[in-house]
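Note sheet for the following structure.
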Amino acid sequence: MHEMLASLIHWYLEALDQGGYWLIGLLMAMESSILPVPSEFVIPPAAYLAHSNGTFTLTGIVIAGTVGSWVGASVMYWASYLIGRPLLMKYGRYVMITPEKIQQAEAWSSHYGMVGVFISRYRSVATLGIFLLMIAFLPIHVIDAFHDEPAIGSKALAYVRLPLQFVLIGWAWFVYKRGS
């Protein structure tokens, strides 16, 4: 298994090295579109090649990645803009997107603009993330409160942090449940 993974990594690094900045841009364009190519498979290996072989520069990687990402996002935007609504109006009912839901979404977007789209999309996910992070760090904070020198700086701050953290956990859960 180790040899197979090593040969796959070697092949990928060779392909990336030969493809150059154009391949970095293409892969990042794919990442910004509907294709599932994580940027973590593009940028870190390219940075490794820049460090080890010197074939790339970090500035070149950033520029190629940024331009590629912009191109991919722009292509998806224009494709959605030109054919998205007619496609959803015709076939949306097969994936439970009715014309009424489309009209509601359009009314929401025209009233609240980009801020409304951003907030409505990420509020529930963000509060769930806050809730889970606070739960994950709670045992560490409890242990830290009983140390002679807590990491937060003083015992008083460590003791204040615990009830505050419970309040914030409750708030995050309330907002998450209300939004979903």
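Summary of computed values
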| quantity | calculated |
| --- | --- |
| Å³ per residue enclosed by the Cα convex hull of the chain | 238 |
| Selected from 16, 49, 133 as most flexible by GNM, with the chain as the system and alpha-carbon contacts under 10 Å | 133 |
| Ranked by how many other beta carbons lie within 10 Å on average, peptides 25-32, 160-167, 41-48 from highest | 25-32, 41-48, 160-167 |
| Inter-part distance where the stretch 57-117 and the stretch 1-46 are each reduced to a Cα centre, Å | 25 |
| Taking the stretch 1-86 and dividing mean pair separation by its residue count, relative contact order in percent (alpha carbons under 8 Å, at least six apart) | 34 |
| Kyte-Doolittle mean at least -1.0 and Cα axial length at least 18 Å: DSSP H helices in the chain | 2-31, 58-79, 99-145, 155-179 |
| Calculated diffusion of the stretch 1-86, Stokes-Einstein form, Kirkwood radius summed over Cα pairs, 20 °C and 1.002 mPa s, µm²/s | 156 |
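Where a number appears in this text, it was derived from the coordinates with a stated rule and is not lab data. Just so it is clear, the structure is predicted and the values come from calculations on it, not from any experiment. Reconstructed Cβ throughout: ideal geometry from the backbone, glycine too, with neighbour counts over all protein chains shown.
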